[in-house]
1. Residue B:340: net charge of surrounding residues, Cβ under 14 Å, Lys/Arg +1, Asp/Glu -1, itself excluded?
2. Hey, rough spin-label estimate for residue A:133 and residue B:235, points 7 angstrom out along Cα→Cβ, what's it come to in nanometres?
3. As a test, work out the antiparallel percent of DSSP beta bridges whose residues both lie in the protein assembly as shown, rounded to the nearest 5.
4. Which value in deg cm²/dmol, rounded to the nearest 500, describes the helix-derived mean residue ellipticity at 222 nm for chain A, given -39,500 (n - 2.57) per DSSP H run of n ≥ 4 and division by the residue count?
5. What distance in nm lies between label points placed 7 Å from Cα along the C-beta direction at residue A:165 and residue A:47?
6. Near residue B:252, within a Cβ-to-Cβ distance under 14 Å, what is the net charge of the other residues, with Lys and Arg +1 and Asp and Glu -1?
7. Once the other residues with Cβ under 9 Å from the Cβ of residue B:380 are scored (Lys, Arg +1; Asp, Glu -1), what is the net sum?
8. Tell me, which longest segment in chain B has none of the GluC sites (Glu not before Pro) that fall in DSSP loops with at most 10 further Cβ atoms within 10 Å?
Amino acid sequence: MNAEEPKPDTLALSLGAMLARFWLAARAIQTGIEKYAGSTLSETAVSINGQPNTYGLTDGAATKGYALANYHGVPAALYDKFAGEPFMAGWALKLFDKTLGPALILLGVTILLGVASRISLFALGLLYIGLTWGLILIREDSGVAWLAAHMILIIAALALVRYDRLRILKKW
Amino acid sequence: MNAPLNRRNFLTRTAGAGLVLGAPAILRAAEGGSQKINVALVGFGKQGKVLFEAMSNIPGLHFQAVCDIWDYNLKAAMAKVRARQGSVPKGYSDIDEMLATEKGLDAAVVATPDFWHSPHTVKCLEAGLNVYCEKMMSNTIDGARDMVRAMERTGKLCQIGHQRRSNPRYLYTLHELIQGKKICGQIVNINGQWNRAVTASQDIGYNPKLSIAPEVLEKYGFANMHQFMNWRTYRDLSGGPISDLGAHQIDIFNWFLGVAPKSVFATGGHSFFKEREHFDNVMALFDYDTPQGQVRAFYQVLTTTSAGGGYFESFMGTEATIDISERSAYTNIFRESSAPSWDELVSRGYLKKGTAPAAKADSGDAIKSYESAAPEVYQLPGDLNKPPHQPHLENFFASVRGEATLNCDARHAFESEAPIYWVNPSAIQKQRIELTEEHLTV
């Protein structure tokens, strides 16, 4: 290194690495948790002229909740589109559907805690590549671009990982 | 069962059924469920899944058997039923085998391609089942006639899937606002549309590994797998966009007006999907003579653009216009500035005051004497907080239990659908068709 070049600001790089890591972790964990989300609808009959109406018109309020029974890996609307694609193997779709939520949560947690950050980030990148491939098949171009932004962040996090001081299993 | 059609009054029977029995029946069905109903699912494609999801919320149903010629759909149906009720239904690829084997079935829900609606419904009725069949009744008017005759011959129930007929928002709008409070004044025009973008109208793809054997496809009337997946675009298998999408809404024109049109003039063409048999864009004009006066209705179904804001029916009156849609977001009511005040209706809960669009600034291109004052915007006081097909299915199963009367039995559905069968012929012949008893009766 040229003696006149400024030294890298390792504190800033370390903070940047952690921010990238935390963002990706938050994104993965909450997306995984949302796979278990469902809503419960409570309804009250609308009163007309002082009486509950007899037509069935209601004021509804949806209450969001989480349960294992609500799990949906690939949204139903997309699942049928994927299933109709010649390149999509049925077993792979089923496997992805069953594992997507748990995989996002697991990788999100390891990235958050800094456990084997390189491997965790790489695995998350592979997962996003899988999602990207599916969206290319069904021509969801905006989703592909959205995932590309995630990939840029993963690459940035990988590039900065050596500056990240809060890690476990640093070799990986 | 019913008297022959009279253009001026035929649909009033339907309106009466909905007013007197429909809404309370829906409420009762939602509460009920003590009497178990054994159901067969016939056809488990896209629409079959929609109906199953809506039925999943209805108590007292036992899905005993499912039938679909595509193994992929059949397995999906069996898995979904198992997930819902804990037991695996019996699966069949052939409806004749299912009807011959299964004992104790009470009802069938038919969601097969349009050209199979009539044969499947007639078979089920003759086997002693009550039938809920998706609209359009058939791809031909004679097929629809067969369904009415079979329903009346067997004495079984046959509900046609014009689900808006059981939608509380539609029932309330017709009976309370249009007929009761007469907020539209005289209805003078109707406009309806279902426009969707090219991207939403593409052919449906399939995985060749999951293809149905050619001999099976041929047995069930399909030339190949593409035709099986995209039967809606073929003239021998369906009525095309005007029946696929338009039938729901033209049904509302006829139901709300209480009469059938006296003529139809349509035009259509292949604007974008040039290889398809059916027109991709169709526009139709209907003329009505109602007790209040003449009404003209315009309907367009465009599968090449989403312009104009999706799908809705607009009833234009001298005092108000009601834009109503199965989607609550597209529903608005506009009071003409010259109409009597609706403040009392709002205070008593019949309507909600909406948010008026922002007024446009005065500019040099506006000639004030040519423009009407902007109408005030109102909304319905409540909503349907269920899947849109659920109330209609609830009405059907409540009727099977003897607790209600069908909101859209096959005869009433036929009377409303009959004019729709003449839209494509008018567009193909480029001629106005005067609708006579021969065109409109069973």
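Quick note: the coordinates plus some simple rules give every number you see, no bench work behind them. In this text the structure is predicted, and so the values were computed from the model without any measurement. Here the Cβ positions follow ideal geometry from the backbone for every residue, glycine too, while neighbour counts run over all protein chains shown.
1. Details: positive: B:181, B:182, B:335; negative: B:319, B:336, B:343, B:344, B:376.
Net of charged neighbours comes to -2.
2. For the pair residue A:133/residue B:235, the computed spacing is 4.4 nm.
3. On the way: 52 of 80 bridges.
Expressed as a percentage, antiparallel bridges in the protein assembly as shown total about 65.
4. Working: 5 runs with 98 residues, N = 172.
Helices in chain A give a 222 nm mean residue ellipticity of -19500 deg cm²/dmol.
5. It is 6.4 nm.
6. Working: positive: B:135, B:164, B:165, B:169, B:327; negative: B:251, B:313, B:323, B:326, B:415, B:417.
In short, -1.
7. Details: positive: B:169, B:352; negative: B:383.
For residues surrounding residue B:380, the net value is +1.
8. On the way: sites that count: B:275, B:371.
No qualifying site falls inside B:1-274, the longest such stretch.
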